[in-house]
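Q: Structure provided below as structure tokens; questions to follow.
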């Protein structure tokens, strides 16, 4: 009797496990069908000298780690640009999630014209692939060659953002409040780059917004009845409830930095691809990947300590 | 009594100040987002003369629709719109479903190898697309599944310039930024109350039935969010579009082709023949690319809010 019962219990767990596999099966199929092949080839390329053949196809020659050596030590810009882009990414990681949580909370309040504001804040999401910026940049390059004076027309996003006069504000912050220079530098970067920050935060704002909307209002009501102030309920309700989304946003901010149109590492790699040196391109991409992966692991380890899940057993 | 009145006055003033403050911030941020677009809008109505005239900055002397007409006909806008709409809708729906499926599986079931799959999802997120760009192109250019197709068909088939590469990538959850969607869905479902499903299971509902009848309707807001991401990014994607569609006209490809060689009438104004003055055309075309997206978003956004308010989710 007890044996049969036990058997049934095991089969139920096995059944659930099987259902889990069914749910993730598309991903597993894709993984074995091509992803592992693509990654394998790409890793292989980074150790090889790849030449394209005339009739299609390609031939490879094993060259060991010389591609990596070339990218790190010989290439004129690669190492420098990579360090800059990692630094930019870390800075974004500090500023973007904070800013987007702030904006998402503003957009979540019941104010007039909320729909309109949300529609406007969706524009950076559309532009996140950088298509418009790419088209504009293309035009600016062409414009530069033609030596045409077009007056105010070529005002770019960067020029727009400098309309914010940060210098005087910085002066006061530095001399009156005596903030530490390191923090000041981050703040200064964020302010002078506010256009970039807004454009980088589009998706994160939307993610936070959907997180905020899934918080039951009854939680806040109960807290208010118990005498909880707005400030307290922010820290005790809002932050824990959106903390999974904070983690998502960290990861997203990192991933987003690759596909940005002004990512110079990607530009260098693209140039190598266009020059048919696939070996160099792969090696460069994999070095970059290694550093990103290290950063992500550290961020995840730190952040996952603070994440709250409703169903944690 | 007097104190009460003062207190009320103080509270009212505080409320007004706070509201004003939040409007100022929101409007200021909106200005930053919109100003480049406004510039494009005002430029899109300018004639060549206005573009070269230094005195004209925002308001054209004479409003012209030449830019719209030329951009639409020169870079076959309507055909591009149709293709892009079809591709984006299909990709959006498929990716939304597949990523929800995978995300739910990762969030709710315990099985061996789950953490390994999670790791792979992470790898797909943090792998720069450039690493596998070339192999991916070659893979779909000479498409073959474990040598099977070569056996039947005689040679590997070329899937470039068809919808197949995108379809295959979408249905397996490896499309553009799909790792992020999977991860978002997984995080969302982990924070989702388990009581709903447990109740359904107790009532004798199977796993799939529970998923489609109980889970999906409650996750509507997140589903629409994912759909909107997938749709909008497929719409504006240049990475996969340039890789897979060199003959199929999509808006993103048409836009990146640019308008070089147009507006040659500048000769009369003292410019050399053929000198590029295409910024207005590119700007106009950019507007024409993003306006349908914004319209769709406004419609969908209302549905999201309604859906949330009606179902009163989730505690």
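The values are calculated or read from the model by the stated rules, or taken from the named source; none is laboratory data. All figures in this text were calculated on a predicted structure; none of them were measured in a lab. Methodologically, a virtual Cβ is constructed for each residue, glycine included, from the backbone with ideal geometry; neighbour enumeration extends over all protein chains shown.
Q: Spot the failing condition for residue B:136; the list is (1) within 7 Å of chain A (Cβ to nearest Cβ); (2) in contact (Cβ under 8 Å) with a residue 60 or more places away in the chain; (3) in a loop (DSSP other than H, G, I, E, B), and only one is missed.
A: So the condition that residue B:136 fails would be (3).
Q: Considering B:152, B:160, which residue is part of a loop (DSSP other than H, G, I, E, B) and over 18 Å from residue A:42 (Cβ atoms)?
A: B:160
Q: Also, I was wondering about something else. Scanning for something touching a helix residue (DSSP H, G or I) at 6+ places or on another chain (Cβ under 9 Å) and at pLDDT 85 or above, does the stretch A:47-61 turn up at least one residue?
A: yes
Q: Out of all the residues in the stretch A:12-44, which are touching a residue at least 24 places away in the same chain (Cβ under 8 Å) and at the interface with chain B (Cβ under 7 Å from one of its Cβ atoms)?
A: Answer for the stretch A:12-44, where residues must be touching a residue at least 24 places away in the same chain (Cβ under 8 Å) and at the interface with chain B (Cβ under 7 Å from one of its Cβ atoms): just A:42.
Q: Please enumerate the residues belonging to the stretch B:23-58 that are at pLDDT 80 or above, more than 20 Å from residue A:132 (Cα to Cα) and either surrounded by 13 or more Cβ atoms within 10 Å (Cβ to Cβ) or in contact with a helix residue (DSSP H, G or I) (Cβ under 9 Å, 6 or more places away or on another chain) (or both).
A: The answer is B:23, B:25, B:26, B:27.
Q: Assess whether residue B:20 counts as being assigned to a helix (DSSP H, G or I) and in contact (Cβ under 8 Å) with a residue 60 or more places away in the chain.
A: Spelling it out, it is not the case that residue B:20 is assigned to a helix (DSSP H, G or I) and in contact (Cβ under 8 Å) with a residue 60 or more places away in the chain.
Q: Does the stretch B:72-80 include one or more residues that are under 21 Å from the mean Cα position of the chain (by Cα), surrounded by 18 or more Cβ atoms within 10 Å (Cβ to Cβ) and more than 30 Å from residue A:34 (Cβ to Cβ)?
A: Scanning the stretch B:72-80 turns up at least one residue that is under 21 Å from the mean Cα position of the chain (by Cα), surrounded by 18 or more Cβ atoms within 10 Å (Cβ to Cβ) and more than 30 Å from residue A:34 (Cβ to Cβ).
Q: In the stretch B:33-55, how many residues are facing chain A (nearest Cβ under 8 Å) and assigned to a loop (DSSP other than H, G, I, E, B)?
A: Going through the stretch B:33-55 one residue at a time, the tally reaches 2.
Q: I would also like to ask the following. Would you mind stating whether residue B:101 is facing chain A (nearest Cβ under 10 Å) and surrounded by 17 or more Cβ atoms within 10 Å (Cβ to Cβ)?
A: Judged against the criteria, residue B:101 is a match.
Q: When you look at residue A:243, is it within 10 Å of chain B (Cβ to nearest Cβ), assigned to a helix (DSSP H, G or I), modelled with pLDDT under 80 and farther than 14 Å from residue B:133 by Cβ, yes or no?
A: No, not satisfied.
Q: Now for a separate question. Answer yes if at least one residue in the stretch B:23-43 is farther than 30 Å from residue A:112 by Cβ and either in contact (Cβ under 8 Å) with a residue 24 or more places away in the chain or touching a strand residue (DSSP E or B) at 6+ places or on another chain (Cβ under 8 Å) (or both), and no otherwise.
A: yes
Q: Moving on to the next point. For residues that are at the interface with chain A (Cβ under 9 Å from one of its Cβ atoms) and either closer than 20 Å to residue A:252 by Cβ or free of Cβ contacts under 8 Å to residues at least 60 places away in the same chain (or both), scanning just the stretch B:157-177, find the one that is farthest from the chain's Cα centre (by Cα).
A: Filtering first and then ranking leaves B:168.
Matching residues to (1) surrounded by fewer than 19 Cβ atoms within 10 Å (Cβ to Cβ); (2) under 24 Å from residue B:115 (Cα atoms); (3) over 17 Å from the mean Cα position of the chain (by Cα):
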position: B:189; (1), (2), (3): no, yes, yes
position: B:192; (1), (2), (3): no, yes, yes
position: B:196; (1), (2), (3): yes, no, yes
position: B:205; (1), (2), (3): yes, no, yes
position: B:213; (1), (2), (3): yes, no, yes
position: B:227; (1), (2), (3): no, no, no
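Q: OK, next. If residue B:210 satisfies every condition in (1) more than 8 Å from chain A (Cβ to nearest Cβ); (2) more than 30 Å from residue A:243 (Cα to Cα) but one, which is the exception?
A: Against the list (1) more than 8 Å from chain A (Cβ to nearest Cβ); (2) more than 30 Å from residue A:243 (Cα to Cα), residue B:210 comes up short only on (2).
Q: Whether any residue in the stretch B:189-203 is at the interface with chain A (Cβ under 8 Å from one of its Cβ atoms) and not in a loop (DSSP other than H, G, I, E, B) is what I want to check.
A: Within the stretch B:189-203 (the criterion being at the interface with chain A (Cβ under 8 Å from one of its Cβ atoms) and not in a loop (DSSP other than H, G, I, E, B)), the answer is yes, since at least one residue qualifies.
Q: Moving on. If a residue has to be closer than 16 Å to residue A:215 by Cβ and surrounded by fewer than 17 Cβ atoms within 10 Å (Cβ to Cβ) to count, how many in the stretch A:106-121 make the cut?
A: 2
Q: To continue, here is another question. Quick one: in the stretch A:273-294, of everything that is in a helix (DSSP H, G or I) and more than 9 Å from every other protein chain (Cβ to nearest Cβ), which residue is nearest to residue B:137 (Cα to Cα)?
A: For the stretch A:273-294, the residue satisfying everything is A:274.
Q: Which residues, taken from the stretch B:5-22, are within 27 Å of residue A:101 (Cα to Cα) and surrounded by fewer than 13 Cβ atoms within 10 Å (Cβ to Cβ)?
A: B:11, B:12, B:13, B:14, B:15, B:16, B:17, B:18, B:20, B:21
Q: Follow-up. Could you look through the stretch A:262-271, keep only residues that are at the interface with chain B (Cβ under 9 Å from one of its Cβ atoms) and either within 14 Å of the chain's Cα centre (by Cα) or crowded, with 19+ Cβ neighbours inside 10 Å (or both), and pick out the one that is modelled with the lowest pLDDT?
A: Only one residue fits best here, namely A:263.
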